[in-house]
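Please treat every number below as a calculation from the coordinates, not as lab data. All figures in this text were calculated on a predicted structure; none of them were measured in a lab. A quick note on method: Cβ atoms are made from the backbone with ideal geometry, for glycine too, and the neighbour counts reach across all protein chains shown.
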Amino acid sequence: VDFGEGDRKAGQISVEAASASGGTLEVWIDDLEGNGTQIATLTIESTGSNSTWKDFEAAIDQLEGQHDLF
């Protein structure tokens, strides 16, 4: 994912999710094997069913450049 550069850096992340029971989504960059960085934790509220989708957002420290996203 390209997070931009200079004045065009990303400052939030947005996901669309469906969940009957809710949960938590961790967002990591660069690596999942111990060398990555967790950039956000989103609380996913129940949307009522696994087929009802809703947008969820979280602020992130302004990243720049390209990173693998997990």
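Pairs please, first residue from the range 1-15 and without any contact (Cβ under 8 Å) to a residue 60 or more places away in the chain, second anywhere and surrounded by 11 or more Cβ atoms within 10 Å (Cβ to Cβ) and assigned to a loop (DSSP other than H, G, I, E, B), Cβ atoms under 7 Å, 6+ apart in sequence or on different chains.
Lys9/Phe3; Lys9/Glu64; Ala10/Phe3; Ala10/Gly4
Looking at the range 60-70, which of its residues are under 20 Å from Glu5 (Cβ atoms) and under 9 Å from the mean Cα position of the chain (by Cα)?
Hits for the range 60-70 are Ile60, Leu69.
Quickly run through the range 10-48 and pick out the residues that are surrounded by 13 or more Cβ atoms within 10 Å (Cβ to Cβ) and over 15 Å from the mean Cα position of the chain (by Cα).
Ser19, Ser46, Thr47 - these are the residues of the range 10-48 that are surrounded by 13 or more Cβ atoms within 10 Å (Cβ to Cβ) and over 15 Å from the mean Cα position of the chain (by Cα).
I need the full set of residues from the range 49-61 which are over 13 Å from Ala18 (Cα atoms) and surrounded by 12 or more Cβ atoms within 10 Å (Cβ to Cβ), in order please. Spell out how you get there, then give the answer.
From the range 49-61, those over 13 Å from Ala18 (Cα atoms) are 57-61; that's our starting set.
Of everything in the range 49-61, those that are over 13 Å from Ala18 (Cα atoms) and surrounded by 12 or more Cβ atoms within 10 Å (Cβ to Cβ) turn out to be Ala58, Ile60.
Can you pull out every residue in the range 1-29 that is in contact with a Leu (Cβ under 9 Å, 6 or more places away or on another chain) and among the charged types (D, E, K, R)?
Hits for the range 1-29 are Lys9, Glu26.
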